[in-house]
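Bear in mind these aren't lab numbers, they're just calculated from the coordinates by the rules spelled out. All of these numbers come straight from a predicted model, not from anything done at the bench. Here Cβ is always computed from backbone atoms with ideal geometry, including for glycine, and neighbour counts include all displayed protein chains.
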Amino acid sequence: MTSPRSGCVSRRKLLIGASVLLGNVTGGVATPARAAKSPSATAIAALLRKYKVPAVSFATFDRDGIVLCAAHGRRQVESAKVTIETRFQAASLSKTVNALCVLSLVRDGRFSLDDPVNRRLSGWRLTGKDAENVTIRMLLSHTGGTAVAGFPGYQRDDVIPRLDEVLDGVKPANTQRIEVINPVGKYHYSGGGVVVLQKLITDIEAAPYEETVARRVLEPLGMSNSSMRQPLQSIKGKLASGHTIDGDVIRMDYFIYPEMAAAGLWSTPSDLARMLMAMLDSAEGKGGALLPKNLAREMVMPVRADAGLGVFINRKGLVHHDGANWGFRAVYFVDPGTRRGKIVMANGQRGDMVYNELLKRI
């Protein structure tokens, strides 16, 4: 397996088309880039004020190394400043990590992508028309026809549902039962289908989902500032708080997502850069990569519409995903041809407005 990339130090001198941030960058190390446009700390502060988002953290990579990582703003209004090690909720970017975990089990012969998921589940079964024909590949690519697009999360003092309660849609779960309600084989975005895979992984490994993901993905890739565990009480002080559209901190700082495979990841942009570089290593067939070349290639090939396996592929061939949890926004874009990528994470409801502007500048 390829060795984890270290820190935010570039292994090359240039990042074509990306810029170094000037001014007060907290905790980042960057190499000067060729592009003329580079948002200063002052410009980023103005951007955060404009959209009432307390903080943004981002990273870029080029070929085999992280070129730039930086963090601006505060974990919470009037609170400590964020650093490059401050964790943000990655929201639906969790689906990419989940896909890597699923594919690692395929790699090890535990099941195949085209196995009907009901043949591999223990106890609970997916129901609905054509449910017996829904495969693992379909659930990864949102073509399994399953219900529940996304999850609203839970307040930290709520009664948090167990996984079986989420699957069955019974209280205290706040979403409907996960079942087949759309035509199988057609694209319908479904975080619910991804949570069925959380159940599958738990059954196959006979271990807590978050521990399996850590062992199979996060630890091998050196993602030391990432976890699927919900909630993350043990690292209090290193977590960004979520904020409303008006810039107010949400009650009790952040929501809990027991639907970990779909929305539960806490991470940093530099950790996500390591993950994305490992995906590219696998797709290129590099020795010691996390996945064999054929599986990694399948991951980044569209199954239906622009959906791959835990990722999306746009018309320009860029691999991407975005995410929205309550009070958090995140996004990544990767160009497999040039091995360049960008990741942005923010702790506000309008964080997508922030990252849309930043993606044009970095």
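Using 27 Å as the Cα-Cα cut-off, could you pick out the over-long pairs in Lys286/Lys360; Lys52/Lys171; Lys52/Lys238?
Lys286/Lys360; Lys52/Lys171
If we count other beta carbons within 10 Å of each Cβ, what is the order of Met279, Met301, fewest first?
Ascending number of Cβ neighbours within 10 Å: Met301, Met279.
In the chain, if the dipole is taken from +1 on Lys/Arg beta carbons and -1 on Asp/Glu beta carbons about the Cα centre, which of Val217, Leu68, Leu265 is farthest to the positive end?
Leu68
Quick one: net charge of Thr268's neighbours, Cβ under 11 Å, K/R +1, D/E -1?
+1
Relative contact order of region 103-249, please, whole-number percent, based on alpha carbon pairs below 8 angstrom and at least 6 residues apart.
In percent, rounded to a whole number, it is 22.
Which of Cys69, Cys101 comes first, and how do the rest follow, when ranked by fewest Cβ neighbours within 10 Å?
By the 10 Å Cβ count, ascending, the order reads Cys101, Cys69.
Please give every one of the aspartates and glutamates within straight-line cross-link reach of Lys50, meaning a C-alpha to C-alpha distance under 13 Å, and leave out same-chain neighbours fewer than 8 residues apart.
Asp246, Asp352, Glu357
Determine, from the Cβ-Cβ distance of Ile181 and Lys360 and an R0 of 41 Å, the FRET efficiency 1/(1 + (r/R0)^6), rounded to the nearest 0.05.
Calculated transfer efficiency: 0.60.
What does the charge add up to near Leu218, with Lys and Arg as +1, Asp and Glu as -1, over the other residues with Cβ less than 13 Å from its Cβ?
So the surrounding residues net to +1.
First select every other residue whose beta carbon is under 11 angstrom from the beta carbon of Asp322; then total the charges, Lys and Arg +1, Asp and Glu -1.
Computed value for this residue: +1.
Expressed as an acute angle from 0 to 90° and rounded to the nearest 10, what is the orientation of the C-alpha long axis of helix 94-107 relative to the principal long axis of the chain?
Tilt relative to the chain: about 60 degrees.
Quick one: which of 247-253, 141-147, 72-78 comes out on top by average Cβ neighbours within 10 Å, and what's the full order, highest first?
Peptide ranking by packing, descending: 141-147, 72-78, 247-253.
Report the extension gain between Lys171 and Glu219 in nm, rounded to one decimal, defined as 0.36 nm multiplied by the number of residues separating them, less their alpha carbon distance.
13.9 nm
May I ask you to derive the relative contact order of the chain, considering only C-alpha pairs under 8 Å and at least 6 residues apart, and to give it as an integer percent?
It rounds to 24 percent for the chain.
For the chain, what Kirkwood radius comes out of the mean inverse Cα-Cα distance, in Å?
Kirkwood hydrodynamic radius for the chain: 20.4 Å.
Relative to the present Cα-Cα distance, how much length would full extension add between Thr338 and Arg251 at 0.36 nm per residue of separation?
The Thr338-Arg251 span can extend by a further 27.1 nm.
May I ask you to sort Thr244, Thr202 by Cβ crowding, counting other Cβ atoms within 10 Å and putting the fewest first?
Thr244, Thr202
Can you tell me the FRET efficiency between Asp130 and Asp164 if r is taken as the Cβ-Cβ distance and R0 is 22 Å, rounded to the nearest 0.05?
Rounded to the nearest 0.05, the efficiency is 0.45.
Mind putting a number on the dipole of the chain about its Cα centre? Charges go on the C-beta only, +1 for Lys and Arg and -1 for Asp and Glu, and I need it in Debye to the nearest 20.
Using Cβ point charges on Lys, Arg, Asp and Glu, the chain gives about 1240 debye.
Expected output is a single nm value to one decimal: the length gained when fully extending between Ala206 and Ser79, i.e. 0.36 nm times separation in residues minus the C-alpha distance. What is it?
Extra length available between Ala206 and Ser79 comes to 41.7 nm.
Using a 7 Å offset from the Cα along the Cα-to-Cβ direction at both Asp64 and Ala46, what is the distance between the two label points in nm, to one decimal?
If labels sit at Asp64 and Ala46, their model points lie 4.0 nm apart.
Provide the FRET efficiency to the nearest 0.05 for the Arg304-Arg156 pair, computing r from the beta carbons and using R0 = 35 Å.
0.40
About the Cα centre, and with charges only on the beta carbon of Lys, Arg (+1) and Asp, Glu (-1), how big is the dipole of region 134-187? Nearest 20 debye, please.
220
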